[in-house]
1. Among 541-549, 519-527, how do they line up by average Cβ neighbours within 10 Å per residue, starting with the highest?
2. In Å², what does the accessible area per residue of the stretch 496-546 work out to with a 1.4 Å probe?
3. With the contact rule set at Cα under 8 Å and sequence spacing of 6 or more, what percent relative contact order holds for the stretch 18-81?
4. Gap in Å between the Cα centre of the stretch 448-525 and the Cα centre of the stretch 361-440?
5. Which pairs break 25 Å Cα to Cα here: Lys397/Lys497; Lys37/Lys455; Lys337/Lys397; Lys218/Lys250; Lys250/Lys280?
6. Write down the accessible area per residue of the stretch 18-81 in Å², having rolled a 1.4 Å probe over the full set of protein chains.
7. Which order do the peptides 205-218, 367-380, 187-200 come out in when sorted by mean C-beta neighbours inside 10 angstrom, highest first?
8. How much length, in nm to one decimal, is gained on full extension between Glu554 and Leu226, taken as 0.36 nm per residue of separation minus their Cα-Cα distance?
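The values are calculated or read from the model by the stated rules, or taken from the named source; none is laboratory data. Model, not experiment: these values are computed from the prediction. In this analysis, Cβ positions are derived from the backbone assuming ideal geometry, glycine residues included, and neighbour counts consider all displayed protein chains. Note: accessible area is taken over every heavy atom of the protein model, side chains too, but ligands, DNA and RNA are not part of it. Shrake-Rupley method; radii C 1.70, N 1.55, O 1.52, S 1.80 Å.
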Amino acid sequence: RLHPAPSAHRASSAVRRDFERREPYNYLQVAFFKLKKLDQAVSAAHTFFVANPQHLQMREDIEKYRRMSGVKSDSFRDLEATPHWEAYEAGVQHYDADEYLQAVVRLEESLTEALSAVEECRALCEGPWEDEDEEEEMQPGLYEAIAAHYIQVLKCRQQCVLEIATKPGRISATEDFIPSHLDLLQFAYNQVGNQTLAAECAASYLLFYPTDEPMLEKMKQYRTELGEDTAVTARQNIQHYVQRSLMEKKLIYYAVEHLGETFNDPDLWTPDELIPENLKEKYREDQEKKKQETLDVEERKRGPLPFEGIAVTMDSHQMNGTQRVVFDRVLTESECKDLLRLTKAAGEAGDGYRARRSPHTPHERFEGLTVLKAVQLAQKGDVEWRDAKLLLQASEKSQKIIESYFTPGKKLHFSFTHLVCRTAVDGQQEGRMDLSHPVHADNCLLDPEGHECWKEPPAYVYRDYSGILYLNDDFQGGGLFFTEMDTVTVTAEVHPKCGRLVAFSSGKENPHGVWAVSRGRRCAIALWYTHSREHAEQERVKAEELMKQRAVEEDWSDEEKHQGTDHSSRSSSESPVPNSGTKPANRRQKPGSDRKQHPKVLRARDEF
């Protein structure tokens, strides 16, 4: 498999890519399973799955292994686990639990292992020219060839920090991986009373961010505590790491400016003065252009609203984000009251809408009703048919509005529809600090520390747009808010009221949460949509079928009443149908076959 060319000590890029994706473990788990070596099969399967969490077949295999008798829980181990990631995650767990003595041990271990991994990665950057396609096109002279090759090695070395900062199975690296260790260590050492090491870590951190005001304040504090005469210096290995990296960046940026090279700088801490002025200007122009293009695309895509009387109260610009909008007057006051009556009736029926503690907070009760459950309750007579129908119609109206505004010409399918009420638990609101619904994104797993959102299970990765249609405002709290990726910086807030629809794209650009409901009951229809037909809401299809069946039964009933009126108005001179003992022909026609003679009268509810 390795082949002697182009270099005996180097595998091809395709082979290396397979090993990076841990493909051999996919084969190994099958082989071990066939050999009845279950523990080894489980370990191989788990190792592959860690790096490929979206692999559905392996997910099923893992679940089967979990159910098998004789499989030990400690067999589910990652055979390729890197020491620095194991130590880092353990250190962060201790740190979050305020166990600072244990945290400093594991974080120091992680930092040492991470720097060691960087050195190993840098050594592997040495070697022959990699880009075979480019080699055919270029016929450089000796000096150009040496320069191009050397720049390739330098860029490879710079990317090593991304490689060691990327967790297996993730696409993006954890930002500021090395500096973040020093920041955490500085705080942890301070908490355990070791100001000398805390100051050393703070000084080391300032090599990356020399103008960071909070850290400069900390340094002042440490100098005061330790005495002005005490010399505080950064760690030698960190000094070496930063100086070497800056020297390489200077060379690379020179090549970018003068030799036509390109470079994606992996570090956020690169000093501005190192980047050539013309590149900074180009970067600013590109960012501005990208921002304008996003706004232009939103404007171009926006279609006319399909219903009169609806107002756009806030758009993306007013909400300090992208793909966000608030509509008002989507429902009337009476329609909101009818839907609130539906929640009350469903609650009294006690079938599928029982109040229970919220999954997000112990301070609220949570009730939820799907469209199918609403129609089934109507069949039983527990709720009014017209209210169940109104739930379907209100969600369909919202779907048409969102589709026409964000994706005109591109079909949005329902992914899930949920009539939800959150009620504050009396006597449990004092001193409350939590949220009704923590900050999250709807189609990816939010990682605030890494400023990333991982589009992988268990997130609903197929969801494209989200909506909330509010039914009331007679409660306290419960507003929706949007944040930056850090989940802390609030960028916009939406206050609920009857008929207000807030809609937004479901991705990482729109992290959002719900403030605590501190008094009363907040009700809304939560809506999620997808462009993917295979992920369309199946419960809705069944609910619509039941609703159509009900409409047909109503038509038959109306028709029979009409025929009954005809019979009773017959003159006495008309001869009755003879009773010959034979079965009379069934006068009921197929549904819809007599619509021309008896058009269905539209009721108020059908005017949606």
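1. Details: 541-549: 15.0, 519-527: 20.7.
So the order, starting with the most tightly packed, is 519-527, 541-549.
2. Per residue, the stretch 496-546 has 38 Å² of solvent-accessible surface.
3. On the way: 65 pairs, mean separation 21.9, N = 64.
Worked out over the stretch 18-81, it gives 34 percent.
4. Taking the Cα centre of the stretch 448-525 as reference, the centre of the stretch 361-440 is 13 Å away.
5. Numbers: Lys397/Lys497 17 Å; Lys37/Lys455 34 Å; Lys337/Lys397 17 Å; Lys218/Lys250 31 Å; Lys250/Lys280 14 Å.
From the list (Lys397/Lys497; Lys37/Lys455; Lys337/Lys397; Lys218/Lys250; Lys250/Lys280), the Cα-Cα distance tops 25 Å for Lys37/Lys455; Lys218/Lys250.
6. 64 Å²
7. Details: 205-218: 16.1, 367-380: 20.8, 187-200: 18.7.
Descending mean neighbour count gives 367-380, 187-200, 205-218.
8. Numbers: separation 328, 0.36 × 328 = 118.08 nm, distance 8.65 nm.
Working it through step by step, the gained length comes to 109.4 nm.
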